[in-house]
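Below: one structure, written as structure tokens.
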Protein chains: 2
Amino acid sequence: MPDKVLVYSRFPRNELVRFGERYELLNAAGKRLTEVFSAAELGDIRAMITAGGTPLGGEAMDMLPKLGAIICYGTGYEGIDLAAAARRGIAVGHSPGANAASVADIAVTLMLAAARRLPVADNYVRSGDWIGAKPSPMMRPQAGMRGRKVGVYGLGEIGRKIAARVAAFETEVGYFSRSRQDVPYQHFPSLEALADWCSVLMIAVRAGTDTVHAVNADILRRLGSSGIVVNISRGSVIDQKALVTALADQSIAGAGLDVFAREPHAPDELTALPNVVLSPHIGGHTLESHVAMQDCVLANLEAFFAGKPLAFPVPSAS
Amino acid sequence: MPDKVLVYSRFPRNELVRFGERYELLNAAGKRLTEVFSAAELGDIRAMITAGGTPLGGEAMDMLPKLGAIICYGTGYEGIDLAAAARRGIAVGHSPGANAASVADIAVTLMLAAARRLPVADNYVRSGDWIGAKPSPMMRPQAGMRGRKVGVYGLGEIGRKIAARVAAFETEVGYFSRSRQDVPYQHFPSLEALADWCSVLMIAVRAGTDTVHAVNADILRRLGSSGIVVNISRGSVIDQKALVTALADQSIAGAGLDVFAREPHAPDELTALPNVVLSPHIGGHTLESHVAMQDCVLANLEAFFAGKPLAFPVPSAS
């Protein structure tokens, strides 16, 4: 008999295939547990797979009296009440670094697309405006990357990969993170100092209660009129209203966002702007990174059911 | 009295500002010379500024009996009949390398945007499909860049800059050019061999009569079903009909095009495709590269009017 694993969040079916080959899956698909499963079924569950962004508190944990492991599919685990899990002796695991290259790639994709206003350009060709030689203020040449000062906020695995990619575009790279690291980039002692220095700000910090609206109107203003801000971390790190104002005023030149304040909600005042590039939280969504994330999930489940410590526990729960 | 300079092609006014500060400009703005200027006016002209893609043959040169210098704004000079210029003792100059970083940047922008289907993603957010959780086959995860084999066709200044940028994305880089170069990338003896090896093909070759439709149905087929082709060279290098077929059949995954067979014409069968990213020949259009191109134009004009050889003659006319 395969072990039973609860799937708590809603996942595309093809992302669950490898788990289903190994375990008996009870798929709640994001619905309330008591709507989908009987108390007897829930009473058997020892491990669950969830998405890090899905809220999961003590109340839900208490519906699963035998729960011993919460395994997040992906790097994030901000939805999990870690203290509640710890009090109940539940281990929490995730997929650290599995999608770092993929997320760093989308960060640079958004940076370049914002700098060159790629969605506007693509639409200019498709709409027939190019053949009609229609004047477009949005198509005027902008500052390119060569010689640009690019600031990376947060120098974890994703931040370092962003820095390495960006440096190849003949830019200068600086960073702000809690500690100075052994990297060939200039360290700044504060986010303010970094924003004063750079015109492109790449947000790669791990989001938490200490980073809520860290990038606010003041930080955006410091980037200057050719400023570009890119966020691939979590929507909470930017004051989204301040960003909309800065983009609408053109007090910065552009933005690239893979994450939003209330996903999947992207407000009309943001989607109406031509100087922003938007993607629906697809940073980690490449074939390779899904395979790598699934490898981590499977390694965590295997360790748990073998009675061992999780292969990839989340840092504060380890 | 400032020297007179004819502006032959149509340029945005702000690109001519620095020339107008130094010279008396006669701006034909792409119209027939005899429609805009009298024979007496044309008879005085000793130098002209043109765009490399604008056709300029012996007949037009003969309307300007004192013409001694044709200065191309930009790197290209494929529209100029070099033999006709040489027969008339007219020097031809251009702006070599001035836009190389900017063009390499747009190549990588298009590559990443095609790989991650950025215009589709941007539209998915803007249209409300994301919040509506509308299923989209186009939004399925694709192969990312890490571990990808990227082939660069043509390793001039732009090709080398593309290779350096692409290598930062944890890819393997190979190239095909007429001669093996002292670079840390694998050399392939033919375009066929390169296309068999790589799944991303970056076209950076200098376009000419020998490269017309060099990237044809056979080369595209060799890239495979995850194949991506990016062209920032000239539209003539790709068989555009074969490309449309390959994209429509999904026998390759995507394409990024800054150049087209008959600019500014992008055919409906191309613009209707979701798996292509299009930009209206803006590779060189950043503020820095315009300044650098203008520097070359001014250096060429200054040398010419001082009776010296051009500062940046085109290779085959030097």
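What is the order of A:Met202, A:Met63, A:Met293, A:Met48, fewest Cβ neighbours within 10 Å to most?
Working: A:Met202 31, A:Met63 16, A:Met293 23, A:Met48 26.
In increasing order of surrounding Cβ atoms, one gets A:Met63, A:Met293, A:Met48, A:Met202.
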Sort out for me the Cα centre separation of region B:49-71 from region B:148-167, rounded to whole Å.
33
Using the Cβ atoms and a cut-off under 14 Å, what net charge is assigned to the surroundings of A:Gln250, where Lys and Arg are +1 and Asp and Glu are -1?
+2
Given the options A:Phe260, A:Phe37, A:Phe11, which has the most mean-square fluctuation in a GNM of chain A, springs set between C-alpha atoms less than 10 angstrom apart?
A:Phe37
Please find the FRET efficiency linking B:Arg87 to B:Val17, where r is the Cβ-Cβ separation and R0 is fixed at 41 Å, and quote it to the nearest 0.05.
0.75
State to the nearest 20 debye the size of the charge dipole of the protein assembly as shown about its Cα centre, where the only charges are +1 on K and R beta carbons and -1 on D and E beta carbons.
340
Taking only Cα atoms of chain A, radius of gyration then Dmax in Å:
21.6, 68
Full-stretch length increase - A:Arg140, A:Asp218 - with 0.36 nm per residue and alpha-carbon distance subtracted:
25.4 nm
Innermost chain A residue relative to the axis carrying A onto B, by Cβ distance in angstrom:
A:Ala168, 2
Just B:Phe304, B:Phe188, B:Phe169 to compare: in a GNM of chain B, with alpha carbon springs under 10 Å, which one fluctuates most?
B:Phe169
Efficiency of FRET between B:Glu269 and A:Ala39 - r from beta-carbon atoms, R0 45 angstrom, step 0.05:
0.15
Out of every Cα-Cα pair in region B:100-278, what percent are more than 24 Å apart?
32
GNM on chain B, Cα springs under 10 Å; top mean-square fluctuation among B:Gly53, B:Gly20, B:Gly74 goes to B:Gly20
Can you give the % of DSSP beta bridges in region A:168-318 that are antiparallel, to the nearest 5?
5
Charges on Cβ only, +1 for Lys and Arg, -1 for Asp and Glu, centred on the Cα centroid of region B:100-278; of B:Gly132, B:Ala114, B:Ile158, which one is farthest towards the dipole's positive end?
B:Gly132
With +1 on the Cβ of every Lys and Arg and -1 on the Cβ of every Asp and Glu, and nothing else charged, how large is the dipole of region A:100-278 about its Cα centre, in debye rounded to the nearest 20?
320
For A:Lys4, go through the aspartates and glutamates and keep the ones whose alpha-carbon is under 15 Å away, minus same-chain ones fewer than eight residues off.
A:Glu21, A:Glu24, A:Glu41, A:Asp44, A:Glu302
Can you list, shortest first and in nm, the gaps between the label point of B:Thr271 and those of its counterparts in the other copies, using a point 7 Å from Cα in the C-beta direction?
2.4
Spin-label point model (7 Å from Cα, Cβ direction): what's the A:Ser225 to A:Lys241 distance in nm?
2.7
Debye, to nearest 20: dipole size of chain A, +1 on Lys, Arg Cβ, -1 on Asp, Glu Cβ
420
Could you go through region B:245-262 in sequence order and give the Karplus-derived ³J(HN,Hα) for each residue, using 6.51 cos²θ - 1.76 cosθ + 1.60 with θ = phi - 60°, rounded to whole Hz, and x for Gly and Pro?
4, 5, 6, 5, 6, 6, 7, 10, 7, x, 8, x, 10, 9, 9, 9, 4, 10
Rounded to the nearest 5, what % of DSSP beta bridges with both residues in chain A are antiparallel?
5
Would you grab the residues whose amide H sits under 5 Å from the one on A:Val92? Only those 5+ places off in sequence or on another chain, please, with H modelled 1.01 Å from N.
A:Ile70, A:Val314
Could you run the Karplus curve 6.51 cos²θ - 1.76 cosθ + 1.60 with θ = phi - 60° over region B:137-151 and give me ³J(HN,Hα) per residue in whole Hz, x for Gly and Pro?
x, 5, 8, 4, x, 10, 4, x, 8, 4, x, 5, 9, 10, x
For label points placed 7 Å from Cα toward Cβ, what is the shortest-first list of nm distances from B:Pro2 to its copies?
7.7
Show which lysines lie in cross-link reach of B:Lys134 when reach means a straight Cα distance below 24 angstrom and same-chain residues fewer than eight apart are skipped.
A:Lys31
Please check which bits of region A:10-26 a label hung off A:Ala306 would reach, taking the label as a point 7 Å along Cα-to-C-beta and the cut-off as backbone N under 20 Å.
A:18-24
Counting only DSSP beta bridges with both residues in the protein assembly as shown, what percent are antiparallel, rounded to the nearest 5?
5
Across peptide B:268-274, how many C-beta atoms of other chains are within 10 Å of each residue C-beta, on average?
2
In deg cm²/dmol and to the nearest 500, what is the mean residue ellipticity at 222 nm of chain A if only DSSP H runs of at least 4 residues count, each as -39500 (n - 2.57), divided by the residue total?
-9500 deg cm²/dmol
Position A:Arg22, label points 7 Å along Cα→Cβ, spacing to each other copy in nm (shortest first, one decimal)
6.7
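Just so you know, all these numbers are worked out from the coordinates, no wet-lab data involved. Keep in mind that this is a model prediction, so the values were computed, not measured. Backbone-built Cβ (ideal geometry, glycine too); neighbour counts: all protein chains shown.
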